[in-house]
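Before any comments, here is the structure.
The values are calculated or read from the model by the stated rules, or taken from the named source; none is laboratory data. Keep in mind it's a predicted model, so treat the numbers as computed, not measured. Cβ placement follows ideal geometry from the backbone for every residue including glycine, while neighbour counts extend to all protein chains displayed. Calculation scope for accessible area: heavy atoms of the full protein, side chains included, ligands and nucleic acids excluded. Shrake-Rupley method; radii C 1.70, N 1.55, O 1.52, S 1.80 Å.
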Amino acid sequence: MSPEQGTLPVADARRTRRELLRRLGAHRGRLAASLLVLLGGTAATLVTPPVLGDVVDAVTAGAGRGRIAVLGLTLALAAAVGAGLSYAGGRMLAALVQQVLAGLREDVFETAVRLPLNTLESAGSSDVVSRVTHDVEAVSEAASDVLPEVTHAALTTGLSLLGLAVLDYRLALAGLVCLPVHIHAARWFLARSHLVYGDIRRLESARGQLVIEAVRGAETIRAYRAQRHHLDELAGRSLRAVERQRDGMRLRNRFNGLLNTAEYLGLAAVLMTGFVLVGSGAVSLGTATAAALYVHRLFGPVGVLLDSLDDIQRATVGLSRLVGITDLGHGGGPGESEGASPGEGGHPGGDDGPEQPSGRPEIEVRGVSYAYEGSARPVLRDISLRVPAGTSLALVGASGSGKSTLARLIAGLGEPDRGRITVGAAETPYAPARYLVTQEVHLFGGTLADNLRMARPRATDAELRRALREVGAEWALRLDSGLDTVLGPTGVPLDDGSVQHLALARVLLADPPVVVLDEATAESGPGTGALLQAALARVTRGRTSVVVAHRLEQARHADRVLVLRHGEVAEQGTHQELLAAGGEYAALWTAYDRTARRPGIPTARPGPADHTAIRPGPADHTPAPLA
Amino acid sequence: MTPPEAPGTAGTVEVSGAPGARTTEAAAAAGAAEATGAGEAAGAAGARGIDEAGTAGAHGTDEAGTPEAPGTPEARAAGAAGALGPGTVRALFRVALLRDGRGHRMALTTLAFMLHQLCEALVPVLIGVVIDRAMAPAGRAALFRWLAVLAGVFVVLSLSYQRASSSMVTVYGHGEHELRQRAMTRLLDPRSLRRRPGPGEALSLVSSDAYRVAGVSWSVVQQASALTAILVASAVLLTISVPLGLGVIAGTVLVLVVMHRVSMPLEARGLAEQSAAARAGEVATDMIAGLRVVIGMGGRAEAARRYRAVSDASRHGAVAASRSVLAYGNLGTLLSGVFLAALTTASAWLALDGRLTVGRLVTVLGLAQYLQGALAQAGAFASHWAHKRASARRLGGLMDEPPLLAPGRARHADPAGCSGRDGRHSPDGQDGTAVRWLPPGHRAPLDLRPGDLVGVVPRDPAHARDLSDRLGYRVPLGRGELLIGGADAVDLGPERVRARITAPPHHGAVFSGTLRSNLVPEGQEPDPAVLGAVVLDDVLEHIGGDRAEVGEHGRRLSGGQRQRLLLARALHTGAGLVVLDEPTTAIDPVTEQRVAEGLRGLPATVLLITASPILLSVCDRVVVLDGDDHAHDHDPKGTHR
């Protein structure tokens, strides 16, 4: 938990350009080929104005019908060749661009997902999410929609000017009169557009956020009769966005006005030059016609070109944020140490995990202290403990006492500032795999099988079913489409207790020698409590385990209990020892036990497994994916 | 969730219906929502690039899902009345185009766009005129005269476009705004909806469907301009030569028909492929959202592998989609090119015969070239309309969805002592009118008196949710089930019941904004006694005071902190009764103990639906609803607190 500030790096313009060129350069042959084909296609369609000019000349010269028919066929042929080549080149370019894009986003994702947990936490996961989704989308959109348009417009513009020059260099020069106006318009617009459009994007994404939250929290809003507040807030954002859109349109209008001016200047200049040249007999009427038609044809592509400058600018910003992430991956950044992390490399379910050390390892923590980045107060101070092989330890403490942090360090996600944590014999090259069941409850998109195979991709269906049965998740076996049942908001929604049940089944699939459990779900009902308790017992059996006790029964069933207070060890011992000692734990337990034993409140009565965990969840209940 | 018939909830309404049957539809809707999330953010510049992904999933198949609400004939009557209401396609288009003076503005805007298009068509005509009247006969005066006319046309062209597009932003922006507000109002209807759309579907209704229906204004002006272009060009050509004009009209119709035929299947394919492209973003979000879970299980490699797989599929989808677009675009180029060639040949032959001057020929050629563009645009119109109508139908379904809950009776008004319309602010909202509740399946009613702290032990989580749904009037209630100060909840209606009983859902939502905004309505001060009771001090210290932002969905808080915040919010309403459904499931036992003591110290009347021994230990009374048709009633301490 730390402030949500984007502290992940952003690549500078030069680095971004280099990276882009590197990625495109890997396919330079195909790139050149596709551009060449596109060039051919554009050139073919640009035959049109001179042929039309020839038609004019042929008519003035009183040529025969045959000549006109030939010219007409040429036009049709040019259209056919142009369309064919544009299609072929466009396909080649699209395939290439999409390949480069997929490579980039896969690298971004892979780097992001391998960032050390500390980096992620201090950067704030929202920054990472917005990069792997919004920035990737912005760049994809630019590459898929804007790039082909821009390529086509650029080729058309360039070739039209060339065509004009071939007709007559004086006509071409006249056409260039509009250039200074274009440059001025583009500069003027770009200097202002990113401010306004940046604002609009921010307002619109804030508005989208409000919509998402209100839709997901509809029941809560109804319960508090807060409809007015939420609708007003939404209306406020949305009207401000409209206001800003109008500012944007004002900018665009002035920009368009300048473009129109440039178009008129160019056209008038070419017509006047043509007038002079035709008058002096330097060019034919047909040539002048062709030139005017060329300039008229240019209006469209030039507009597209200048209009897309803003999109390109935005895509570049997104790209620099993506390159900022991929650079973490191979730039010797903190990502590198992760490869050796026991949490990953030594994982039994991993595709290429090393041999699993036999036997159950012992956990030893010596003098460990830890503070979060930027925080002066340490979360853990001089903690020492030992979990003998195959036994379990329960961590008890108030929120903020450091139990979850300690659990995470023991699980190998992060290094202590001081002290040492060893798991198993320290000499072995690979620490034994440690598996952490986190407090966060997350249902992965997709089917039941997809959710389970996260922990062991190659597990067979039979293995999945066995794991479910062993943790007592009979309800999952009875789902309509079995293992292929789609879960979550688009399928069968699950409550937190059920999701956590699946998390426990995953532990069995992964079968790690060491398991750290920090699962916080304590859904209501004596039946469920007993069910999850039994699942927990099954999961810790035969493993060295550390359990963060969110329910006191978890502590009672553990071999040893350790009580944390303000990051320090307050007491430790077996359940009985601590009760006898009469300290904090004993007081807690006595209060708990007194109630639990009251008749009629059966805390551990084994309930029928079927009506425990599953339940249709209305909108509010679905675990929200990061937006 | 699964067993859709949860035992012992016969009277309950399964809002989400049969899950299996609607999976694909919901998936399509969710896909659309994802896609538009991006669209919303990116669609800043205007109405370009509307993603139409949602149309694939046809809605309105809520057969099995629609439950019969027992004992609410009023609701059904209200529903029937609603069917005539605001949900027709035409009504929605009217909102987008005509309401709030938009009709007037829309008409002017359309005219301005048509004027603009007329000027655009005049440019090639004038080029022809310049060549015909000035260049061929070499007349300097004519040159300047016609260039001046051209300048005038450019001025009108530019100004009309600027005026029209400015005005269009207003029409479109406000139209979309109003549609979104209407849809949102329906989704938040205090009386709830008979068939409530899931989050994915709701999102796509409020964002992409509203967006598309509002986009009807763009369709209107674009089509009006394209039509103008074609009409002007044909008219000019008719004045030049009747056969040519007729030929152009025939050719135009032909091209349009072919393009339209081709566009439909291409577009359908494109949509499917687009949604494949959107999947990569979904998986990325999913994996990063669950990254701690992934890391905990050592699943980073698997996460990366899955992303690569979906990214690859997404790449194929994108390539295929761009192939469709390319094919369509280039077919347009080809057809209009052939059209141009035919027109050129025909008009040149006419010129050879002396039936057309050279300048006229140039005009014809210029117009033909100009028509190329307009033709390509007009081909896609029909499919645009199809998408917009589909969106409007979906949105209309929401507008017309009958409410789930009966409105209550106005005259049956307020229970004794509760005259204020808003219990929260009225001084006698807390007058502590007793609540009498008869939980379904139990004979003995439960009386709650002011100041009571009563525990109710549910059978299982589903039962707990059901009980809190009833007390929060989120599901239809039977007569006599819940009495407030002697008045039946059914007569009071949901709003007045909620003013007196605060019963938030177990998984309450935390909204982005400050901690304070999540605690109390604007302008109210948090109550230190409540903050102390739910041990919120460490939360305040953690995020830096009640003015600090809690992040999206309260993500800056841990699960336990969020739960304490939700608890504090419920206790801040000052309602006569606060119902808490398992309020401490994410809180550790040490803190839970403190919360329990804190609750006991508060003067509020509280009903705790919980199986937690720690919470139950502080209750004055505990009732176990174990389905044996009788409740165990305890006084845990045998004394008053």
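Side notes on the structure shown:
- Of the residues making up region A:226-249, those that are open to solvent by 50 Å² or more (accessible area, probe 1.4 Å) and either over 30 Å from B:R163 (Cβ atoms) or within 7 Å of chain B (Cβ to nearest Cβ) (or both) number 6.
- The condition (being part of a helix (DSSP H, G or I) and either surrounded by fewer than 16 Cβ atoms within 10 Å (Cβ to Cβ) or more than 8 Å from chain A (Cβ to nearest Cβ) (or both)) is satisfied by just one residue among B:A164, B:A138, B:A134: B:A164.
- Total residues in region A:250-262 satisfying the condition of being open to solvent by less than 30 Å² (accessible area, probe 1.4 Å) and either of a type outside the set (S, T, N, Q) or in contact with a Gly (Cβ under 7 Å, 6 or more places away or on another chain) (or both): the figure is 6.
- Scope region A:444-487; condition more than 11 Å from every other protein chain (Cβ to nearest Cβ) and at positive phi; matching residues: A:G472, A:G482
- For beta carbons closer than 7 Å, sequence separation of 6+ or different chains, a first residue in region B:98-115 that is outside the structural domain of B:S160 (by TED's automatic domain parsing) and a second that is open to solvent by 100 Å² or more (accessible area, probe 1.4 Å), there are no qualifying pairs.
- Being under 22 Å from B:S208 (Cα atoms), more than 7 Å from chain B (Cβ to nearest Cβ) and open to solvent by 20 Å² or more (accessible area, probe 1.4 Å) holds for only one residue in A:L195, A:L210, and it is A:L210.
- Residue within region A:480-488 that is part of a loop (DSSP other than H, G, I, E, B), open to solvent by 20 Å² or more (accessible area, probe 1.4 Å) and farther than 20 Å from B:V294 by Cα present: yes
- Here B:L608, B:L565, B:L580 are screened, and the one residue that is open to solvent by less than 20 Å² (accessible area, probe 1.4 Å), under 29 Å from A:L564 (Cβ atoms), under 29 Å from the mean Cα position of the chain (by Cα) and in the same structural domain as B:L625 (by TED's automatic domain parsing) is B:L565.
- Test for A:A223: is it over 29 Å from B:G175 (Cα atoms) and at the interface with chain B (Cβ under 7 Å from one of its Cβ atoms): yes
- Only one entry in B:A309, B:A313 is without any contact (Cβ under 8 Å) to a residue 24 or more places away in the chain, farther than 30 Å from A:L285 by Cβ, surrounded by fewer than 23 Cβ atoms within 10 Å (Cβ to Cβ) and more than 8 Å from chain A (Cβ to nearest Cβ), namely B:A309.
- Selected residue [under 30 Å from A:R23 (Cβ atoms), at pLDDT 85 or above, buried (at least 20 other Cβ atoms within 10 Å of the Cβ) and not basic (K, R)] from A:L328, A:L319, A:L306: A:L319
- Residue count, region A:286-297 (criterion: modelled with pLDDT of 85 or more and open to solvent by 20 Å² or more (accessible area, probe 1.4 Å)): 2
Table: residues versus (1) surrounded by 15 or more Cβ atoms within 10 Å (Cβ to Cβ); (2) β-branched (V, I, T); (3) more than 30 Å from B:R562 (Cα to Cα); (4) at pLDDT 80 or above.
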{"residue": "A:Y370", "(1), (2), (3), (4)": "yes, no, no, yes"}
{"residue": "A:E373", "(1), (2), (3), (4)": "no, no, no, no"}
{"residue": "A:I410", "(1), (2), (3), (4)": "yes, yes, no, yes"}
{"residue": "A:R434", "(1), (2), (3), (4)": "yes, no, no, yes"}
{"residue": "A:T447", "(1), (2), (3), (4)": "yes, yes, no, yes"}
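- So B:V129, is it without any contact (Cβ under 8 Å) to a residue 60 or more places away in the chain, more than 7 Å from every other protein chain (Cβ to nearest Cβ) and over 30 Å from B:G87 (Cα atoms): no
Residue by residue, here is whether (1) more than 9 Å from chain B (Cβ to nearest Cβ); (2) of a type in the set (D, E); (3) open to solvent by 10 Å² or more (accessible area, probe 1.4 Å) holds:
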residue: A:R91; (1), (2), (3): no, no, yes
residue: A:L96; (1), (2), (3): yes, no, no
residue: A:D107; (1), (2), (3): yes, yes, yes
residue: A:V129; (1), (2), (3): no, no, no
residue: A:V132; (1), (2), (3): no, no, no
residue: A:S144; (1), (2), (3): no, no, yes
residue: A:L147; (1), (2), (3): yes, no, yes
residue: A:L171; (1), (2), (3): yes, no, no
residue: A:L176; (1), (2), (3): yes, no, yes
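- Which numbered condition B:E481 fails, given (1) within 14 Å of chain A (Cβ to nearest Cβ); (2) open to solvent by 10 Å² or more (accessible area, probe 1.4 Å); (3) charged (D, E, K, R): (1)
- Candidates B:V475, B:V497, B:V490, B:V457 - the one that is over 24 Å from B:Q561 (Cβ atoms), facing chain A (nearest Cβ under 7 Å) and of a type in the set (A, V, I, L, M): B:V457
- Residue in region B:537-555 that is within 13 Å of chain A (Cβ to nearest Cβ), open to solvent by 10 Å² or more (accessible area, probe 1.4 Å), under 21 Å from A:L231 (Cβ atoms) and modelled with pLDDT under 90 present: yes
- Leading residue by the ranking (least open to solvent (accessible area, probe 1.4 Å)) among those in region A:544-574 that are more than 40 Å from the chain's Cα centre (by Cα) and more than 16 Å from B:V590 (Cβ to Cβ): A:G573
- The set of residues in region A:58-89 being surrounded by 20 or more Cβ atoms within 10 Å (Cβ to Cβ) and more than 8 Å from chain B (Cβ to nearest Cβ) consists of A:L85, A:G89.
- Checked against the criteria, B:V497 does not count as touching a strand residue (DSSP E or B) at 6+ places or on another chain (Cβ under 6 Å) and either in a helix (DSSP H, G or I) or modelled with pLDDT of 90 or more (or both).
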